[in-house]
Ligand code: SF4
């Protein structure tokens, strides 16, 4: 069990010096538009209008699926040839379309204009458009903009950019408070809130909130606890307003979740006995749920391709709680500060890589012949065809996987592909 008076696990170890293979080459990842899928589910008064091409529209529609019973809260303003050639005034068109949309949809309180590769190529200034439209539509609707373009980004950065666009609009506060940063499922938010209450930590806000318009406040007495490892720019923007990041592993698995709460408990001076009383039964239950998958996963080798930026915490969980052997842990970007509490928890012999040169990485993968590969959708099918068992990393952001009660489900996500193979073999 975690003892609040002891140093956090991994303190003082070699996390800062762990060697990293850096690669720059062809990458196989989705673009930041993908984030709309989970962001629009979370922020129920938000609409995401992608300003892009038919390709962007197809991507977002196929990623989000078709909503049958409700009107979708995302769409694409398709830039036509006349816009791309600079013949039509795309700004006028965009303003007209936004006003029309908002007249038709009184449920929308925040409109995100989402930039794409085509809108960036023609240098359509969406920040200016958002300012213009806000001036016209406030206080009923707030319009903000960010880029989801696929140039030099990975798909989870879309969330970081969306949240970053909201930071300047957050009210300021001097009050001591805890702010959980990163989009998590409502069910997980409720569970986390209950634990913070029992620990006597509060007030606690979540960013993003269920309604985009309910922006939490921030200031010099705000502690930040990051729920997702890909919100680095948002965290830096909040720090610039005086908030401080509490260093912690991410709340994946029983251990990670306890250590995440422990970081807040230490900062808020929670009594050790109270901490044990609250977290021990939850952690025990989570460990029991995880243990059901140990027989399937223990000793199996895992290769993590760089895709979601969740690779390091997930590798830590699978190695420490399920006994999987890590062959290579790839991450699109390594932010050592945000990973300071995670890196020392990886095994000594871990091969860590940052960025991607996909062909070279695939050669390493084939050479190692892992039992399971965590990768993006674009690589999963070809690798399955070559005989590898794969797990789509995008499932880690589409399903609730944070916290104690989801720890067993998270383990199951990785056990399932191996189970399926076993059954097919019989
Ligand atoms: S934003 Fe760029 S990478 Fe993403 S779907 Fe549109 S064109 Fe493709």
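Annotations for the structure displayed:
- Single match in 216, 171, 203 (criterion: surrounded by fewer than 20 Cβ atoms within 10 Å (Cβ to Cβ) and touching a strand residue (DSSP E or B) at 6+ places or on another chain (Cβ under 7 Å)): 203
- For the criterion of being within 16 Å of the ligand (Cβ to nearest atom), surrounded by fewer than 20 Cβ atoms within 10 Å (Cβ to Cβ) and assigned to a helix (DSSP H, G or I), residue 131 fails.
- Across region 1-38, the qualifying residues are those that are farther than 27 Å from residue 361 by Cβ, surrounded by 15 or more Cβ atoms within 10 Å (Cβ to Cβ) and at pLDDT 65 or above, and the one among them that is nearest to the ligand (Cβ to nearest atom) is 36.
- Identification of helices (runs of 4 or more DSSP H) wholly contained in region 250-337 with 1 or more residues that are closer than 17 Å to residue 390 by Cα and in contact (Cβ under 8 Å) with a residue 40 or more places away in the chain yields 294-297, 311-320.
- Residue check, residue 145 within 16 Å of the ligand (Cβ to nearest atom) and under 25 Å from residue 311 (Cβ atoms): no
- Residues in region 95-128 that are in contact with a strand residue (DSSP E or B) (Cβ under 6 Å, 6 or more places away or on another chain) and either on the phi > 0 side of the Ramachandran plot or in a helix (DSSP H, G or I) (or both) were compared, and the one that is surrounded by the most Cβ atoms within 10 Å (Cβ to Cβ) is 119.
- Pick from region 39-59, criterion within 8 Å of the ligand (Cβ to nearest atom) and out of contact with any strand residue (DSSP E or B) (no Cβ under 8 Å at 6 or more places or on another chain), ranking: modelled with the lowest pLDDT: 59
- Residue 252 passes every criterion in (1) closer than 25 Å to residue 167 by Cα; (2) crowded, with 16+ Cβ neighbours inside 10 Å; (3) under 16 Å from the mean Cα position of the chain (by Cα) apart from (1).
- Residue tally, condition under 24 Å from residue 323 (Cβ atoms) and surrounded by fewer than 22 Cβ atoms within 10 Å (Cβ to Cβ), over region 353-364: 1
- Lone unmet requirement of (1) surrounded by fewer than 17 Cβ atoms within 10 Å (Cβ to Cβ); (2) over 14 Å from residue 39 (Cβ atoms); (3) at pLDDT below 95 for residue 211: (2)
- Residues of region 206-244 that are under 20 Å from residue 193 (Cβ atoms) and without any contact (Cβ under 8 Å) to a residue 40 or more places away in the chain: 206, 214.
- For region 398-426, the tally of residues that are assigned to a helix (DSSP H, G or I) and either under 19 Å from the mean Cα position of the chain (by Cα) or under 25 Å from residue 191 (Cα atoms) (or both) stands at 10.
The values are calculated or read from the model by the stated rules, or taken from the named source; none is laboratory data. Just so it is clear, the structure is predicted and the values come from calculations on it, not from any experiment. Glycine also receives a Cβ, built like all others from the backbone with ideal geometry; neighbour counts cover every protein chain displayed.
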